[in-house]
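Readers should treat all values here as calculations from the given coordinates under stated rules, not as data from a laboratory. Since we're looking at a predicted model, the values are computed, not measured. Heads up, the Cβs are rebuilt from the backbone with ideal geometry, glycines too, and the neighbour counts pull from every protein chain shown.
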Amino acid sequence: MFIIMWAPLNENPTREKILMLLKKHGLLPIEELSKELNITSMGIRQHLLSLERKGLIDYVTNKKGIGRPAFLYKLTQNADNLFPKAYHTFILDTLKDIENNEGREKIDEIFRWRRMRLVRDTRNILGDKTDFEEKVNGLKHMLETKGYITELDESPNSYILKEFNCPIFKVASEYNEACKQELQFYKEILGKEVKRPECMAEGNISCTYIIPKK
C-alpha cells in the first residue's frame, strides 16, 4: 500500500484536498469536486482560481453535444513535484545489486562514466571561455540552472565555491565514489588542483571547493 503525501503548502486545507483528488483521479470537473468535498460549485471555483494562479492546476475543455464545453481540471508539473519521489531508493537498490554482483569497483566505474559525461556537457555549456574568472562564474551559473544553491566568494589567492544542496546526497552518503568523482570533475573542468575541505556527505553544511587562481 502506498501513502501519498506532499510538501506542506501552508494554505487552505481544502486546496490540499483538491490537489489530492486530482492526483488520485486525474481530470475532474467542478461538479465532481463539489460533490466529493461537499462544497458549492462557486466555492470550488474560488479555490481552483487560487491554485491556477499559483501554477498548480490547469484545465482542458471537453465539448460533448450542444451547449457550453465542460472544464476538466488537472495537476500541472509544478503540482506533481509537491509529491515526493523515491528515486534515491531505487538508485541505491540498483547500486547495491551492482555491487553484490559485480563488485565495488564497478560502482566507481559508473560514477567515472557520469563524471566524463558531465565534463563533456559542461565544456559545451561554457563554450570558449578563456578568462578564468568568467569560467568560474559560468560554472556557478550552470550549477544554479540545474537547481543548485551556490555561493561564490573570492580571496586574494582563490575562489571559494559552496554548494548548499546535493541532488544525490543520499547516494553520496553511502557511496563516497560519487564525491570522489565530483571533485575530479571540478579539477578537470577548471584545470586546477581544486580542494574540497568540507563535504555534505561527511556532515558539513555545504560542499566547499577551494579553487586556486594560479
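Observations, loosely collected:
- Ranking Met42, Gln77, Met20 by Cα position along the charge dipole of the stretch 13-80, where only Lys, Arg, Asp and Glu carry charges on their C-beta atoms, puts Met42 farthest toward the positive end.
- For the chain, built as a Gaussian network whose Cα springs stay under 10 Å, the top-fluctuating residue of Tyr148, Tyr87, Tyr59: Tyr59
- Once the Cα atoms are used to define both axes, helix 87-102 deviates from the longest principal axis of the chain by about 50 degrees.
- Between 0 and 90°, nearest 10: helix 104-126 axis offset from the chain longest Cα axis: 80
- In order along the stretch 162-175, the Karplus-derived 3J(HN,Hα) couplings, from 6.51 cos²θ - 1.76 cosθ + 1.60 at θ = phi - 60°, round to 10, 10, 9, 8, 9, x, 10, 4, 5, 5, 5, 5, 9, 10 Hz, and Gly and Pro are given as x.
- Distant-in-sequence amide H partners of Ala70 (H built 1.01 Å from N, under 5 Å): Asn62, Lys63, Lys64
- Here's the list of lysines a cross-link from Lys106 could span, going by alpha-carbon distance under 24 Å and ignoring same-chain residues fewer than 8 apart: Lys96, Lys170, Lys180, Lys187.
- Near Ile57, the amide H atoms lying under 5 Å from its own belong to Glu52, Thr76; only residues 5 or more places off or on other chains count, and H is placed 1.01 Å from N.
- In Hz, Karplus ³J(HN,Hα) per residue of the stretch 137-148 (6.51, -1.76, 1.60; θ = phi - 60°; x = Gly, Pro): 5, x, 5, 4, 5, 4, 4, 5, 5, 8, x, 6
- Residue among Lys96, Lys192, Lys63 with the largest mean-square fluctuation in a Gaussian network model of the chain, springs linking Cα atoms under 10 Å: Lys63
- The angle between the Cα long axis of helix 177-190 and the main principal axis of the chain comes to about 70°, on a 0 to 90 degree scale.
- Between Tyr159 and Ile211, Lys213, the built amide H atoms are under 5 Å apart, and every one of these is 5 or more places off in sequence or on another chain.
- The alpha-carbon of Lys35 sits under 18 angstrom from the alpha-carbons of these lysines, leaving out residues fewer than 8 places away in its chain: Lys17, Lys23, Lys24, Lys74.
- Sum of -39500 (n - 2.57) over DSSP H runs of 4+, divided by residues of the chain (222 nm, nearest 500): -16000 deg cm²/dmol
- Space enclosed by the convex hull of the alpha-carbon atoms of the chain, per residue, Å³: 204
- Sequence-ordered 3J(HN,Hα) estimates for the stretch 16-28 from the Karplus curve with 6.51, -1.76 and 1.60 and θ = phi - 60° stand at 5, 5, 5, 4, 5, 4, 5, 5, 7, 10, x, 6, 9 Hz, glycine and proline given as x.
- Compared with the rule-of-thumb size 2.2 N^0.38 Å for a compact globular protein, the stretch 87-212 has a Cα radius of gyration ratio of 1.09.
- Considering the stretch 13-80, its Cα convex hull presents a mean projected area of 4.5 nm².
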